[in-house]
Structure formats: C-alpha cells, structure tokens
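The following block contains the structure, expressed as structure tokens.
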Amino acid sequence: MANRTVDALRESVRGPVVTRDDEGYEEARTVYNAMIDKRPRVVVRAQDVGDVVAAVDFARENELDLSIRGGSHSVPGFGTCDDGVVIDLSPMRGVRVDPKTKTARAEGGATWGDFNHATHAFGLATTGGIISTTGIGGLTLGGGIGYLSRGYGLSCDNLVSCDVVTAEGSFVTATQSENEDLFWALRGGGGNFGVVTSFEYQLHPVKDIYGGPIFYELDHAGDVIRFFREFLPEATEQWGGFPAFQIAPPLPFIPEERHGDTFCVAVACWAGSVDEGEKALRPLHDLAPVVAEHVGPMPYPMLNSAFDGLVPPGLQHYWKANFATELTDAAIDAHLKHAPKLPAVNSTVHIYPIDGACHRIGSDETAFGHRDSNFATVIAGMWPDPADNENNIQWVRDYYDAVAPHSEEGGYVNFAADDDQGRVPANYGANYAKLVEVKRKYDPDNLFHMNQNIKP
C-alpha cells in the first residue's frame with residue numbers, strides 16, 4: 001500500500017494540517033523552550049481522536065519521527081522534531097466533572113489551569129503541577145508531583161482510566177481491569193506507549209487552601225531545608241509545600257529595595273480547614289525571621305498559578321533533577337554553595353516532598369519507580385537571553401554534579417534534560433525491566449521515541 005500523502009492526511013482529519021509552506025507554520029512549530037528550534041514536516045492540530053489516529057498512521061506509514069505535544073512544556077523539546085510529524089493536542093482541552101463520583105475526565109491537550117478551573121467550581125481538585133500552563137498529559141504520565149502530593153499521591157496515582165491511541169493506530173481504554181499492563185506503564189512510564197487522548201482522575205475535596213510563599217535571608221537557608229527534613233515525617237499529610245531558592249521579582253509584597261536579591265523561600269500549601277491554616281503554618285514563621293510573604297487563604301487554583309508570570313513561553317530552559325531518600329547535611333551544603341548563584345529571576349531550585357500518600361502506593365503498583373524517595377529536587381535553569389546559555393547551562397551542571405553524590409541515581413523524568421538519555425533506566429527506577437516488556441508489546445518498533453525513551 002502506498003504511503004499516505006500530506007494531501008490525503010488533510011482529507012482524513014478535521015483539524016488544521018500545517019506544513020512549511022502554510023501560513024501559521026512558525027507559530028505551529030514553536031514550543032515553550034526557546035532553546036529548541038526544530039522544523040517538523042507537518043503539524044496536525046488534532047480536534048478529536050480520529051485526527052490522532054490519522055496522524056499516528058501517517059507517521060508510521062511514512063517512517064517519520066513522531067512528537068506528541070500537549071501543554072508544550074517539555075524542557076528537552078520532545079513536543080517537536082525535525083522533518084517529522086507533530087500531533088498538537090492543544091485544541092483538545094475539554095474537562096467534564098462528575099461531582100457525584102468525584103471524578104473528572106479531561107482531554108489530552110488540557111492544562112492544569114483548564115482542569116483546576118473546571119473542578120474548583122465543585123470544590124474538588126487532584127494533584128497537579130506547580131505551573132498552571134503545564135499540560136496534564138506530560139506531567140501525569142511522568143508521575144505528577146504537586147502541592148497535594150503528600151495528601152493525595154501523585155497525579156498518576158489518581159488516574160482512573162486513560163483512552164489511548166497505540167502505535168498501530170488502535171484506540172484502547174486502559175484501566176485497572178482493562179489493558180492492565182498498559183495502565184500500569186502509563187502511570188510513570190512517560191509517553192512511550194501511545195497517545196493518551198483523555199485522562200480520568202479521582203478528585204478530592206479541596207477548594208480553598210491556606211498558603212503562599214515566605215521569603216527568608218540566605219543566611220537561614222540551611223535552617224529552612226533542615227526544617228522540611230525534620231518536620232515533614234511527623235506532619236499531617238494536609239501539610240504541603242517545599243523549600244526553594246528564588247531571586248525576588250518586583251512584586252508589591254516584597255520590599256522594593258530587595259527586588260533582585262536572592263532568597264530562600266518556603267512555599268506552603270495547607271489543604272486542611274482554612275481556619276486552621278495560620279496555626280498549621282506557624283512553624284514556618286517561627287523558624288527564622290521573615291523578609292516578605294504572601295500567605296493566606298486563597299482558592300487552590302490561585303496557588304497553582306502563582307508562579308506562572310515568572311515562566312512565560314519563550315525562555316531558554318535547561319534542567320537537571322535527582323530523587324533523594326534523605327536531605328543529608330552534605331546535600332544541604334551543596335545547595336547552600338550553588339543556589340545563591342541563581343542566574344536569573346526565572347531560574348529556581350525546588351525540593352519537593354514525595355512522602356505521605358505517595359509512599360502508600362507499592363513500588364510495583366505503578367511504573368513510577370521511586371516510591372522509597374522522600375524528595376525530588378529540580379534545578380530549573382530558565383533565562384531570557386540565548387547569549388547566556390553557555391554560562392547558565394554550566395551553572396545547572398555544576399550544581400547537579402555537587403548534589404548528585406548525595407542523592408539517588410535517578411531523577412524525575414519530567415525534569416530531565418535532552419542529554420539525560422543515558423540516565424533513562426535509573427530515572428524510571430526499579431520497574432524499568434517491566435516497562436521494556438510493555439514497550440515491546442505496545443510499541444515494538446519504537447514509534448514513540450521522542451521522550452525519555454524506553455527502547456524495546
């Protein structure tokens with residue numbers, strides 16, 4: 001059978017099919033990380049599952065690279081490719097909430113902002129990311145760490161079902177009782193197994209939270225990190241948040257003379273009764289003098305979008321990550337040495353707790369392979385000027401090299417860089433061998449290889 005042409009592809013899909021000769025190509029090929037400059041042969045802006053099936057078939061039949069783009073936040077730029085096919089799911093952003101069952105089904109191109117807006121109306125939420133413009137798909141398939149992880153587990157722990165287009169162009173549903181092996185692999189195995197066109201999540205009664213960022217002088221950074229190390233193991237799981245390092249942006253709650261200074265930050269999220277929030281966060285106010293804070297009751301979606309302004313599309317991105325079973329004194333010393341050298345207000349370092357409910361899921365129950373870790377560290381290098389790439393990438397690498405000896409071998413796949421393919425087995429963790437088996441079954445020819453790739 002002859003390979004399908006682009007004209008035939010256009011006839012078989014409802015959404016726009018954009019090629020290099022078409023108006024709008026520059027916009028269609030652009031991704032979140034401005035460091036990525038690739039020119040796909042065709043971008044299919046999928047309107048529905050039928051469009052996704054047609055695009056997968058087109059890529060397979062023509063033996064072209066295939067990239068799947070949801071929220072477009074992939075730091076390595078996996079949502080695009082040179083001379084290949086991009087399936088852009090961003091037109092598919094619908095979210096339908098069932099308040100009776102406390103579930104929501106969201107299309108594969110939805111962002112966490114879309115999702116939170118829909119669920120908040122019912123006083124419900126599930127674990128999402130830290131930036132609301134992040135796509136639900138990439139974050140969930142890699143695990144899904146967020147403010148609510150300690151109380152409700154990872155995003156992937158809250159999956160009820162997935163609709164998937166496989167490498168052979170078939171449409172299947174994956175649940176605990178249907179295509180169980182695929183459902184297992186999708187919960188932490190990344191985009192290696194198909195195009196997930198919709199996700200169904202379990203929701204929880206979270207509407208308003210008490211929290212926000214608290215800024216401390218760098219002199220107290222060690223105290224802040226040690227607080228999280230020592231306080232969290234005994235803390236109720238409604239207590240969420242993380243330590244971070246941040247250059248102060250020009251926000252009204254920060255003294256104007258301190259704008260541009262580097263601080264240690266505690267970002268807090270109390271998901272219990274709002275009336276108990278002030279008491280719950282009092283230990284953060286007692287551990288060191290507070291320079292500035294923006295803490296109080298707020299809708300959960302407000303906290304989930306609080307940092308969006310620091311990371312607009314078009315920045316340069318280079319990230320590294322590691323899991324940590326313990327924040328040792330040596331690891332803290334490494335943070336204290338390198339974090340104060342943050343190169344831009346957009347750059348940050350976050351140390352996310354992944355204990356509590358995350359630990360109640362067995363290490364072999366999902367593909368997420370680091371259930372024994374207590375923290376996930378990300379060194380997120382982000383800056384506007386490409387002229388700074390060499391120096392700022394080196395800052396990320398030096399920082400990572402200093403922290404790595406005091407961390408686990410693997411890191412969170414959603415934070416991995418394009419030069420981390422050699423770390424793939426360690427990043428997927430204890431379940432890597434089983435992931436290879438599932439990959440061989442559902443994608444033996446590795447059509448879905450534009451990712452932190454599990455080779456069949």
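The values are calculated or read from the model by the stated rules, or taken from the named source; none is laboratory data. Owing to the predicted nature of the structure, the values given are computational and were not obtained by experimental measurement. Reconstructed Cβ throughout: ideal geometry from the backbone, glycine too, with neighbour counts over all protein chains shown.
Restricting to the range 20-36, give me the number of residues that are touching a helix residue (DSSP H, G or I) at 6+ places or on another chain (Cβ under 9 Å), within 30 Å of ALA387 (Cα to Cα) and without any contact (Cβ under 8 Å) to a residue 24 or more places away in the chain.
Of the residues in the range 20-36, 1 are touching a helix residue (DSSP H, G or I) at 6+ places or on another chain (Cβ under 9 Å), within 30 Å of ALA387 (Cα to Cα) and without any contact (Cβ under 8 Å) to a residue 24 or more places away in the chain.
Quick one: which residue in THR377, THR325, THR366 is under 21 Å from the mean Cα position of the chain (by Cα) and free of Cβ contacts under 8 Å to residues at least 60 places away in the same chain?
THR377
Just to confirm my filter: which strands (runs of 3 or more DSSP E) fall fully inside the range 151-256 and include at least 3 residues that are touching a Phe, Trp or Tyr at 6+ places or on another chain (Cβ under 7 Å), modelled with pLDDT of 95 or more and not polar (S, T, N, Q)?
159-165, 208-216, 239-247
Follow-up question, since we're still on this one. When residues of the range 187-227 are filtered for being within 22 Å of the chain's Cα centre (by Cα) and not acidic (Asp, Glu), how many remain?
The qualifying residues number 23.
Only one of ILE361, ILE379, ILE454, ILE354 is modelled with pLDDT of 95 or more, among the β-branched types (Val, Ile, Thr) and surrounded by fewer than 22 Cβ atoms within 10 Å (Cβ to Cβ); which?
ILE361 is the lone residue from the list that is modelled with pLDDT of 95 or more, among the β-branched types (Val, Ile, Thr) and surrounded by fewer than 22 Cβ atoms within 10 Å (Cβ to Cβ).
Provide a single number: the residues in the range 85-112 that are surrounded by fewer than 21 Cβ atoms within 10 Å (Cβ to Cβ) and either in contact (Cβ under 8 Å) with a residue 60 or more places away in the chain or polar (S, T, N, Q) (or both).
Within the range 85-112, residues that are surrounded by fewer than 21 Cβ atoms within 10 Å (Cβ to Cβ) and either in contact (Cβ under 8 Å) with a residue 60 or more places away in the chain or polar (S, T, N, Q) (or both) number 7.
Can you find even one residue in the range 131-138 that is closer than 14 Å to TYR442 by Cα and of a type in the set (Ser, Thr, Tyr)?
No, every residue in the range 131-138 fails to be closer than 14 Å to TYR442 by Cα and of a type in the set (Ser, Thr, Tyr).
Also, I was wondering about something else. Give the residues of the range 13-28 that are in a helix (DSSP H, G or I) and surrounded by fewer than 16 Cβ atoms within 10 Å (Cβ to Cβ), sorted by residue number.
GLU26, GLU27 - these are the residues of the range 13-28 that are in a helix (DSSP H, G or I) and surrounded by fewer than 16 Cβ atoms within 10 Å (Cβ to Cβ).
If you don't mind, there's one more thing I want to ask. State the number of residues belonging to the range 437-456 that are closer than 16 Å to GLN421 by Cα and touching a residue at least 40 places away in the same chain (Cβ under 8 Å).
7
Filter the range 45-64 for residues that are touching a residue at least 40 places away in the same chain (Cβ under 8 Å) and in contact with a Phe, Trp or Tyr (Cβ under 8 Å, 6 or more places away or on another chain); which is nearest to SER170 (Cα to Cα)?
VAL53
Restricting attention to the range 390-435, which residues are surrounded by 16 or more Cβ atoms within 10 Å (Cβ to Cβ), free of Cβ contacts under 8 Å to residues at least 40 places away in the same chain and of a type in the set (A, V, I, L, M)?
VAL424, ALA426
Can I ask one more? Within the range 285-316, can you find the residues that are surrounded by 18 or more Cβ atoms within 10 Å (Cβ to Cβ), over 27 Å from ALA125 (Cβ atoms) and of a type outside the set (A, V, I, L, M, F, W, C)?
Listed by number, the list holds a single entry, GLN316.
Okay, next question. Of all residues in the range 318-331, count the ones that are crowded, with 20+ Cβ neighbours inside 10 Å and over 22 Å from PRO76 (Cβ atoms).
Of the residues in that region, 3 qualify.
Does THR127 fit the bill of being part of a loop (DSSP other than H, G, I, E, B) and free of Cβ contacts under 8 Å to residues at least 24 places away in the same chain?
Against the criterion (part of a loop (DSSP other than H, G, I, E, B) and free of Cβ contacts under 8 Å to residues at least 24 places away in the same chain), THR127 does not qualify.
Among the residues of the range 29-45, are any within 24 Å of the chain's Cα centre (by Cα) and in a helix (DSSP H, G or I)?
yes
Quick one: which residue in ALA104, ALA118 is outside any strand (DSSP E or B) and over 17 Å from the mean Cα position of the chain (by Cα)?
Within the list ALA104, ALA118, the selection yields ALA118.
Moving on to the next point. Just wondering, is there one or more residues in the range 128-139 that are closer than 18 Å to GLY272 by Cα, surrounded by 23 or more Cβ atoms within 10 Å (Cβ to Cβ) and at pLDDT 95 or above?
There is at least one residue in the range 128-139 that is closer than 18 Å to GLY272 by Cα, surrounded by 23 or more Cβ atoms within 10 Å (Cβ to Cβ) and at pLDDT 95 or above.
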